[in-house]
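Working notes, structure below.
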Amino acid sequence: MAANNAPLMELRGIDKAFAGVKVLEEVDLSLHANRVQALAGENGAGKSTLMKILTGVYRADAGSITLRGDKVRFTTPRQAMDAGIAIIHQELNLIPTLSAGENIFLGREPRTRLGTVDWPRLYRDSSTLLERLQQRIDPRTPVSRLSIGQQQMVEIARALSLDAEIIVMDEPTDSLTDIETDILEQVIATLRDAGKSLVLITHRLAEIFRMCDDVAVLRDGKLIHQGPTAEMNEDMLIRQMVGRELADRYPYEPPTPGDTLIEVADLVAPGVEGVSFHARAGEVLGFGGLMGAGRTEMAQALCGDVGVISGQVRLRGREVRFTSPRQALRAGLVYVPEDRKQAGLLLDHPVGENMSLTALPAFCGPLGIIRHGQENAAIRHYIDAFSIKLSDPRQHTETLSGGNQQKVSLAKALMCQPDIVILDEPTRGVDVGAKREIYLLINQLKRDGKCVLLISSEMSELLGLSDRIMVLAGGRITGEFTRDEATQEKIMTAAAHVDAPQEISAR
Amino acid sequence: MSAPATHHVTRLLIDNKAFLALALLVAVSAGMSDNFLTLDNTLNVLRQTSINAIIAMGVTFVILTAGIDLSVGAVLALTGAFAASMTASGLAPWLSVPGTVAAGAALGAISGLFVAYGRVQAFIVTLVAMTILRGAALVFTDGRPIAIGASEAADTFWLLGGGYWFGVPIPIYLMFFVFVLCWSVLHHTRFGRHVYAVGGGEKVARLSGINVNRIKISVYAISGACAALAGVVLTARLGSAQPTAGTGYELDAIAAVVIGGTSLMGGRGRIFGTLIGALVIGVLNNALNIMGVSSYYQMIAKGAVILLAVLIDSRSQSSS
């Protein structure tokens, strides 16, 4: 339907699960030569995972991949590359100390007859590729000296150098300026007309309609729609991305707001360009936005992990300026980070020790001697209260499921009796059943009079749990909604306002 | 009582491959020489091991935070010289010994400062400290041994290295005293828990309200203090401080820690393992001596045993 000829590549019934959590279910996708295919969906819908399966980074649990009519099974990215599939990853994969040219031909350096690197040819070819992208970059420049946009262009040049049939671009315009985006658009058009098949993942909906011929929508790991862009409009696309059924998934309880616990005025920090809000006891304040909108950065600044550049933070009316998370914890503010592995939990340490780590001073007598009885009682209390499934509090945290790990993370934060709890993506990597348990815990916090700041990229979760919602884009607040006025469309529109953040302040 | 106790012992054996290695080594040695498993020789091995064990237990704290301390041998030499000169000037051990240990802690803390606030890699910081302190020891002693002299203070001081109590050499008591202290600190205090947390994940530790820099400085201070105590024992035993004493001791200490199952990546390990690791090295040295193996071959054998121990440990960890 999308094109008149047979598909170049076809994925059928692709399943993928991580640690028992399904991220892709029965996904079909066909790619055609001479077409640009958009892949749309919310964060965590499975777009990147699908592309990693396509390019051999991950292997599908089930399903088949056909390339030019033949069944293929990639076990390494190298095999996919050799079969003519190139990917430009969302995270830049460049070596900063090497030059642009060296990065473009990394691992495939042209050789002289003696087997040494043919440097003149390497730099000549690199120049040609960069010129195709209208970049005036000396290929001898170390990548670390290039702007992020230029680095992205080097990454694209590398994909071009492979002369691949299928080119996947995962959020390529994220770090590009408008001019660079226009150039990329031209390059994409040229490549398409030269018979290539392109896949573009982007959260900028306008780009889908401007650059792409077809669009596929993923939601919760399932393919919701695939068809020509011409038959769609932005509203339809958003509706398909966010879905509709959420009433019973989110056990919302009305708030009983108390005193204002936190007031933030013009907060500026790395990645945060001036954020103001306030939140009260017994209230869940949601923070929506796309990845990289500055929400995590805001949380890190609030909890003292990252220095505040300017602005005011008041807790219970008293101005504070934390220089370490330690101070924030003492003042009753706790941050539960998104990244459990790097920042939240010591995965190869016992569950119990993780749970009590933050609150440990409360269980210590003179000389810092731990009162093991008190500590274990508290650990047992939280294991029961949060119904954490484990056989022994001494077992390593990594042996728990994602949902149980997240509950351990919450218990760790709550054991020190905070007033203000910042939850950053509390249900990432958590399956549906455990999600609901976490939602109930959030409601419990609300009932206990805590002030909950909930950062979530899952639109429906945000709408389902928050009493009020702030939307961030580009480090600024681009929308503020009460529970009643908030809709998925409004949030999505505010979140996508990367280019014109200033309009919103006139809300 | 017996069921959990047996369970505990079994777990101890399974958790500590070093313990099995030690048992095996003792069995083989006893089989090959009648002189090995005598009371005299056992006390001899324990006494010889005590210096390395005391150093290694201090280094364990550093390694648990994912750091490394190469300066302990040089700290031992310099602080040993302090102890000798204090004793030679007639200062009583109850003043000179705490003074020496405090000096060792201070030297370690300086390295810790650079690791924590200077954000220099521990390997480099302590390599520099090793070089500088070794030089300082030579300067302080003028390149000659410092005798503790013959005085009442010197006689008492000598007991710390050469004395006996109920037929057991004093250094063995010191080794077990340090073991009990380190074990209590690591497993029953907030500080110990924080040491593990810093090694397990610095970012996690920081977000959990732990003062990471303070922990880092403290572990290097502990390592320095243990090295200084070992310096006291060595100086007391020899009756003099040698400016080149302790050369290469840092590697024996690290080997003991690693054989004991502590991960160089930090966050995982036990002080009991380190004690066993030090005994493995001690028993090996002793057994090879008794069997009359030349000291050249002894080094090769020691290297092979360390490699084997670490291989077994890494395999069992990747399979679990």
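Within a 10 angstrom radius of each residue's Cβ in A:318-325, how many Cβ atoms of other chains show up on average? Whole number is fine. Could the numbers behind the result be given before it?
On the way: counts 0, 0, 0, 0, 0, 0, 7, 7.
Rounded to a whole number, the mean comes out at 2.
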Quiz item: So for A:497, A:381, A:349, fewest C-beta neighbours within 10 Å to most, what's the order?
Solution: A:381, A:497, A:349
Self-check item: Per-residue mean of C-beta atoms belonging to partner chains within 10 Å, peptide B:198-204
Solution: 6
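At a Förster distance of 51 Å, what's the computed FRET efficiency of residue B:177 paired with residue A:178, Cβ-Cβ distance as r, to 0.05? Can you show the working numbers first?
Numbers: r = 71 Å, r/R0 = 1.39.
E(calc), rounded to 0.05, equals 0.10.
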Quiz item: Hey, if you put +1 on the Cβ of every Lys and Arg and -1 on every Asp and Glu Cβ in segment A:344-417, which of A:406, A:395, A:377 ends up farthest toward the positive end of that dipole?
Solution: A:377
Quiz item: Counting pairs of alpha carbon atoms under 8 Å apart in space and at least six apart in sequence, what relative contact order in percent does segment A:344-417 give?
Solution: 49 percent
Quiz item: Separation between the residue B:244 and residue A:319 pseudo-spin-labels, each 7 Å from Cα along Cα→Cβ, expressed in nm?
Solution: 6.4 nm
Quiz item: Sorted by packing (mean other beta-carbon atoms within 10 Å per residue), highest first, where do A:118-131, A:297-310 land?
Solution: A:297-310, A:118-131
Quiz item: Could you state the number of Å between the C-alpha centres of segment B:99-135 and segment A:370-448?
Solution: 40 Å
Quiz item: If you average the sequence gap of Cα pairs under 8 Å that are 6 or more apart and divide by the length of chain A, what percent do you get for the contact order?
Solution: 15 percent
Self-check item: Alpha carbon convex hull of the protein assembly as shown, volume per residue in cubic angstrom
Solution: 219 Å³
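If you rank A:22, A:47 by fewest surrounding Cβ atoms within 10 Å, what's the result?
Working: A:22 16, A:47 25.
Lowest count first: A:22, A:47.
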Quiz item: Given H placed 1.01 Å from N in the peptide plane, which residues other than close sequence neighbours of residue A:479 have an amide H under 5 Å from its amide H?
Solution: A:471
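If r is the Cβ-Cβ distance from residue A:362 to residue A:327 and R0 is 25 Å, what FRET efficiency results, to the nearest 0.05?
Numbers: r = 17 Å, r/R0 = 0.67.
Efficiency computed from Cβ-Cβ geometry: 0.90.
Where in chain B are the DSSP H helices whose C-alpha atoms run 30 Å or more along the long axis and whose mean Kyte hydropathy is at least 1.0?
B:39-64, B:93-116, B:212-238
Among DSSP beta bridges whose residues both lie in the protein assembly as shown, state the antiparallel percentage, nearest 5. Write out the running numbers ahead of the final one.
On the way: 51 of 88 bridges.
Around 60 percent of the beta bridges assigned by DSSP in the protein assembly as shown are antiparallel ones.
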Practice problem: Using +1 at the Cβ of each Lys and Arg and -1 at the Cβ of each Asp and Glu in segment A:108-254, identify which of A:237, A:186, A:117 lies farthest towards the dipole's positive end. | Solution: A:117
Practice problem: For n ≥ 4 DSSP H runs only, could you compute -39500 (n - 2.57) per run for chain B, divide by its residues and tell me the 222 nm figure to the nearest 500? | Solution: -26000 deg cm²/dmol
Practice problem: Quote the FRET efficiency, to the nearest 0.05, computed for residue B:138 versus residue A:348 with a Förster distance R0 of 41 Å and r equal to the Cβ-Cβ distance. | Solution: 0.40
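Multiplying the sequence separation of residue A:82 and residue A:482 by 0.36 nm and subtracting their Cα-Cα distance, what value in nm do you get? Write out the running numbers ahead of the final one.
Values: separation 400, 0.36 × 400 = 144.00 nm, distance 5.21 nm.
Going from the current span to full extension adds 138.8 nm.
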Quiz item: Taking a label point 7 Å from the Cα of residue B:113 along the Cα→Cβ vector, which residues of segment B:185-224 have an amide N closer than 13 Å to it?
Solution: B:217-218, B:221
Exercise. Answer rounded, prolate or oblate for segment A:344-417, using the Cα gyration tensor with square roots of eigenvalues a ≥ b ≥ c: rounded when a/c is under 1.5, else prolate when a/b is larger than b/c, else oblate.
Key: prolate
Self-check item: Residues of type lysines that residue B:216 reaches as a straight line, Cα spacing below 25 Å, ignoring anything fewer than 8 places off in the same chain
Solution: A:341, A:412, B:203
Practice problem: Give me a single rounded figure for B:76-83: the average over its residues of other chain Cβ atoms within 10 Å of their Cβ. | Solution: 0
Quiz item: Going by how many other Cβ atoms sit within 10 Å of their own, how do A:394, B:119 line up, fewest first?
Solution: B:119, A:394
Quiz item: What relative contact order, as a whole-number percentage, does chain B give when Cα pairs under 8 Å and 6 or more residues apart are counted?
Solution: 34 percent
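What is the dipole size for chain B, taken about its Cα centre, with +1 at each Lys and Arg Cβ and -1 at each Asp and Glu Cβ, in debye to the nearest 20? Don't skip to the answer; put the middle values down first.
Numbers: 17 positive and 11 negative charges, 203 e Å.
So the magnitude is around 980 debye.
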Exercise. Mind checking which lysines have their Cα closer than 27 Å to the Cα of residue A:71? Skip sequence neighbours fewer than 8 apart in that chain.
Key: A:16, A:22, A:47, A:52, A:196, A:222
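About the Cα centre of segment A:288-409, how large is the charge dipole given +1 on each Lys and Arg Cβ and -1 on each Asp and Glu Cβ? Please answer in debye to the nearest 20.
Details: 14 positive and 11 negative charges, 90 e Å.
My answer is approximately 440 debye.
FYI, it's all coordinate maths here, none of it is from the lab. Computed from a predicted structure; not experimentally measured. Using ideal geometry, Cβ is built from the backbone for each residue, glycine included, and neighbour counts are taken over all protein chains shown.
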